[in-house]
Amino acid sequence: MTIIKDYDRGADEIVIDDRELEFRFIRASGPGGQNVNKVATAVQLRFDAARSPSLPDEVRARLIKLAGRRATSDGVLVIDARRHRTQVRNREDAQARLTALIQKATETHAPRKKTRPTVSSKRRRLESKRRQGAAKRLRGKPNNEA
């Protein structure tokens, strides 16, 4: 059971039942000698975010968007964990990464408020532009009207 605490939209936490998580164990690539050829230690965690009853709609949408390439077109999140040498640690790593992703999806940001520049800031900007233009004009070739 995965629990995401401090969910900010009224509920205190999001609880994801272990039955919603599917683990596939595959052989890890890379160095490791005989162990890597014999033992399926890498974990592929699959979580169907699109059909999960545990996620509120707004969190589900943000989660799928945040997941990027890790989400399939059907809304299934696929997390590969192969950092560790044991299946148990890779499984824990995959669950921790899923929890962190869901936690990030629960965070909402306030929309940006449009602001206008003040009259005095406009005046300062234009005055600065005039000074800069005058300095650049002085760098030009001198007039020979003598």
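Things to note:
- Given (1) surrounded by fewer than 16 Cβ atoms within 10 Å (Cβ to Cβ); (2) closer than 30 Å to LEU55 by Cβ; (3) small (Gly, Ala, Ser), index of the condition SER121 fails: (2)
- Identity of the residue in the stretch 56-108, touching an Asp or Glu at 6+ places or on another chain (Cβ under 7 Å) and closer than 28 Å to GLN34 by Cα, that ends up surrounded by the most Cβ atoms within 10 Å (Cβ to Cβ): ALA81
- Residues in the stretch 84-93 that are over 20 Å from the mean Cα position of the chain (by Cα) and in contact (Cβ under 8 Å) with a residue 24 or more places away in the chain: HIS84, ARG85, THR86, GLN87, ASN90, ARG91.
- Filtered residue count, the stretch 20-55, keeping only those that are loosely packed, with under 15 Cβ neighbours inside 10 Å and part of a helix (DSSP H, G or I): 4
Residue by residue, here is whether (1) aliphatic (A, V, I, L, M); (2) in contact (Cβ under 8 Å) with a residue 60 or more places away in the chain; (3) within 22 Å of ALA28 (Cβ to Cβ) holds:
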residue: ASP57; (1), (2), (3): no, no, no
residue: LEU63; (1), (2), (3): yes, no, no
residue: GLY68; (1), (2), (3): no, no, no
residue: ARG82; (1), (2), (3): no, no, yes
residue: ALA100; (1), (2), (3): yes, no, yes
residue: ARG112; (1), (2), (3): no, no, no
residue: PRO117; (1), (2), (3): no, no, no
residue: SER121; (1), (2), (3): no, no, no
residue: LEU138; (1), (2), (3): yes, no, no
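- Flag if LEU55 is in contact with a Ser or Thr (Cβ under 9 Å, 6 or more places away or on another chain) and of a type in the set (A, V, I, L, M, F, W, C): no
- Scanning the stretch 95-117 for residues that are closer than 19 Å to ILE16 by Cα and under 16 Å from the mean Cα position of the chain (by Cα) gives ALA96, ARG97, LEU98, THR99, ALA100, LEU101, ILE102, GLN103, LYS104, ALA105, THR106, GLU107.
- Test: ALA49 is modelled with pLDDT of 90 or more and either among the aliphatic types (A, V, I, L, M) or touching a Lys or Arg at 6+ places or on another chain (Cβ under 6 Å) (or both): no
- Hey, ASP74 out of contact with any Pro (no Cβ under 8 Å at 6 or more places or on another chain) and either among the aliphatic types (A, V, I, L, M) or modelled with pLDDT under 85 (or both) or not: no
- ARG51 being of a type in the set (D, E, K, R) and in contact with a helix residue (DSSP H, G or I) (Cβ under 7 Å, 6 or more places away or on another chain): no
The values are calculated or read from the model by the stated rules, or taken from the named source; none is laboratory data. Remember, predicted model here, so these are calculated numbers, not experimental data. Don't worry about glycine lacking a Cβ; one is built from the backbone with ideal geometry, like all the others, and counts go over all protein chains shown.
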